[in-house]
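Taking it in order: structure first as structure tokens, then the write-up.
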Amino acid sequence: MKKRFIKPRPAYKKAMPQKKKAMPQKTEFAFKSTADVPVPAHLIDWIIGQGRAVDIIKKAAAQRRNVLLMGQPGTGKSMLAQAMAELMPGEDLEDVLIYPNPNDENQPIVKAVKTYPKELVEKYEKEKVPKQGWNGNGRAIIEADRMKARMQGRGISPMTLLFILSIIIMVFLAFSGYGEGNMMWIFAASILGLFIFAGAYMLSSGLSRKISPFESPEPKLIVDNTGKRNAPFMDATGARAGALFGDVRHDPLQSGGLGTPAHLRVESGAIHRANKGVLFLDEVSSLTPKSQQDLLTAMQEKKFPITGQSEMSSGALVKTQPVPCDFVLVAAGNLLDIQHMHPALRSRIRGYGYEVYMEDSMPDNPANRAKMVRFVAQEVKKDGKIPHFSREAVEMLIDDSRRKAGRKGRLTLKLRELGGLVRAAGDLAKEDKSQLVLGKHVLAARDLASPVEQQISKQVIDLKKDYRVFTSRGFGVGKVNGLAVLGEGASGLILPIVAEVTPASSRSEGKLIATGKLGDIAKEAVENVSAIIKRHMGKDVSQYDIHVQFLQTYEGVEGDSASISTAIAVLSAMEGIPVDQSVAMTGSLSVRGDVLPVGGVTAKVEAAIEAGMKKVVIPKANAEDIWIDEKRKKRITIAPCATINDVMRQAFKECAKKSALIKEMRPNQRKR
């Protein structure tokens, strides 16, 4: 698992000035538990904090526009797609039947019929059939054809009558005394032979009727919308070509008249079952280029034939007439997916729809806190197996939302993660047989539902402490305890960094050598340290080889939030100034010596506390982003820093060299 240093996403455009509005009313209503909180009836009203996306989805549903949703996982992309299908009308739904083609068996005929035509609805209403029992038009056609086949099969054929008459005559002759001696056995053998012949005849005639596509023209219903009152919603995320575009099953018995008719082997795809509805595709870039091209064709033509997807299958010989697939596409993914999307597919979405980037947090105000209360009530209702939450438990979950947001004055909108915590706390309350989920259950659930990264980081910290990879006591030259995050920033980790400065091995120039499986951004951040030394200390780094090692970073290091840790380690090694090992630090560093904000600060501070550190250095801009409980906050001193000089004051041991170095670098900083 790779360690990554997360920086906040910069704001690319300034918000447009708005007219002053009246202050909103405080919406933090009084409630004892989430049982008192009303839950909306419509799915579109369940979506929290995505106001712009909701407005666009409503427009897209009304006008049948395609939508591209981009953003981080767990922000509500799939729920928006389902809500869009709920908003679209279901009156135009169609059933699709496949008929055999008497002229070409390998090109079955396609027939689309309205699921609930006016005459069928009037028939059901006249007969007072409950709506739950209304069969769609496709099913009605199938049942009518089957009934017709049964009626045609009734009656006795002449051959059957002949068999019966022959048996009656032979039985009569046998028991009338006509046959004596061996004649009795001849009659018995004749009767048995007639039975065997009759059975073989009936079996062969029935089998021929069963396998002949022309004697049994019963259609196959491949799209059935019976019982649906809203537009269909099809989640085709991760679907292969056959599941997405339809397929024709392989038939091992292709000769001798024993094979299954081609039209009975046709299977519809998600694009066909999404006809008149919504097709949802998450991680759209995971589709192959050919599948993206076929999807584009289906969107343009609004119909797509079904053929066998495997060239080695007999189904590849079959290709139906075009099957209706007039769907609205809701594609989703993250920013990296855009690079792998077919340009024409994205152009189709942009030209006939909208693009939305999902919000990952919302302001922490009374109105939004009330929405978080409703979110908890929604999760309880959706789960259906856990008790309601007390007010104390809900307030603790809102605290978790602040912590997960990682920004001051914000609440997270990665609600899938928060929903996992809701369910874990509910399971614990259920285990305790509690009527409500209490604060103690949420507290226990934080550990129970901790992400894998957090579990790994605890084990790694304990392992490195046991083997003295880092220490939280004393002083060391050229050794710094940096901080990192695992995965998406859910968990922090101690990142020990050591540096050594030696005379240059080359007469022409010195080298900066960094090891520890560094990514491109991490390498650039290390290289920037030499610019700081040259600018602020006036030293010629070409006379030195600077070695920087990130200890035991087997999973790799990426990002620039270890910049101040690297700079302090190099300065310590170059000047021989000891670094306080009870201090951990994180922060990006500009070439001018400014400490810049980074992401995952709360997780990093928690990691420092777990490791037994006494002080943590963070960027001044991140000072209000930390959200940890007061009990743990008392265990550590948080030191916000704005410049490299501030960091040196916090990290270096008090000595004459420290004062001289800070004094030496101060004039250079004033020039800025």
- Note on the structure: Filtered hits (aspartates and glutamates, Cα-Cα < 13 Å from LYS517, offset >= 8 within chain) -> GLU555, GLU558
- Task: Could you pull out every one of the aspartates and glutamates with an alpha carbon less than 16 Å from that of LYS58, ignoring same-chain neighbours closer than 8 positions?
- Result: ASP45, GLU86, GLU355
- Task: Report the extension gain between ALA316 and HIS250 in nm, rounded to one decimal, defined as 0.36 nm multiplied by the number of residues separating them, less their alpha carbon distance.
- Result: 22.9 nm
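For ARG632 and TYR467, compute 0.36 nm times the residue count separating them, minus their Cα-Cα distance, and round to one decimal in nm.
Numbers: separation 165, 0.36 × 165 = 59.40 nm, distance 2.53 nm.
In short, 56.9 nm is gained.
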- Which values, in whole Å and largest first, are the semi-axes of the equivalent ellipsoid of segment 389-485 obtained as the square root of 5 times each eigenvalue of the Cα gyration tensor? 34, 17, 11
- Query: If you add up the charges near VAL318, with Lys and Arg at +1 and Asp and Glu at -1, over every other residue whose beta carbon is less than 9 angstrom from its beta carbon, what do you get?
  - Reply: +1
- In whole angstrom, the spacing between the Cα centers of segment 455-532 and segment 369-400 equals 41 Å
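Rounded to the nearest 0.05, what FRET efficiency do ARG507 and LYS653 give with R0 = 35 Å and r taken as the Cβ-Cβ distance? Could you check?
Efficiency, from the Cβ-Cβ distance: 0.50.
Jot down the per residue volume, in cubic angstrom and as a whole number, of the convex hull over the alpha-carbon atoms of segment 286-343. Please list the in-between numbers first.
Working: hull volume 5.3 nm³, N = 58.
Taking the convex hull of the Cα positions in segment 286-343, it is 91 Å³ per residue.
State the extension gain, in nm to one decimal, for the chain segment bounded by ALA112 and LYS615, taking 0.36 nm per residue of separation less the distance between their alpha-carbons. Don't skip to the end; give the middle numbers.
Numbers: separation 503, 0.36 × 503 = 181.08 nm, distance 7.10 nm.
Stretched fully, the ALA112-LYS615 segment lengthens by 174.0 nm.
Given R₀ = 35 Å, FRET efficiency for LYS148-LYS302 by Cβ-Cβ distance, to 0.05?
Working: r = 33 Å, r/R0 = 0.93.
About 0.60, to the nearest 0.05.
Order 600-608, 647-655, 345-353, 613-621 from most to least packed using the mean count of other Cβ atoms within 10 Å. Walk me through the intermediate numbers first.
On the way: 600-608: 27.8, 647-655: 18.7, 345-353: 16.1, 613-621: 22.0.
My ranking of the peptides, most packed first, is 600-608, 613-621, 647-655, 345-353.
Largest first and in whole Å, give the semi-axes of segment 541-672's equivalent ellipsoid, each being the square root of 5 times a Cα gyration tensor eigenvalue. If you can, show how the numbers build up before the last one.
Details: eigenvalues 120, 61, 47 Å².
Semi-axes, largest first: 24, 17, 15 Å.
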- Item | Among the listed pairs LYS276/LYS303; LYS404/LYS458; LYS114/LYS302; LYS604/LYS633; LYS465/LYS511; LYS59/LYS290, those beyond 21 Å (Cα-Cα) | LYS465/LYS511; LYS59/LYS290
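Can you say what percent of the DSSP beta bridges in segment 237-355, counting only those with both residues inside, are antiparallel? Round to 5.
Details: 5 of 9 bridges.
Once the DSSP bridges in segment 237-355 are tallied, antiparallel ones form about 55 percent.
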- Let me know the charge dipole size of segment 55-130 about its Cα centre in debye, to the nearest 20, where only the beta-carbon of Lys, Arg (+1) and Asp, Glu (-1) is charged. 400 debye
- Query: About the Cα centre of segment 536-647, what is the dipole size in debye to 20, counting +1 per Lys and Arg Cβ and -1 per Asp and Glu Cβ, all else neutral?
  - Reply: 440 debye
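Every number in this text was worked out from the coordinates using simple rules, so none of it is lab data. Fair warning: this is a prediction, and the values are worked out from it, not measured in the lab. Using ideal geometry, Cβ is built from the backbone for each residue, glycine included, and neighbour counts are taken over all protein chains shown.
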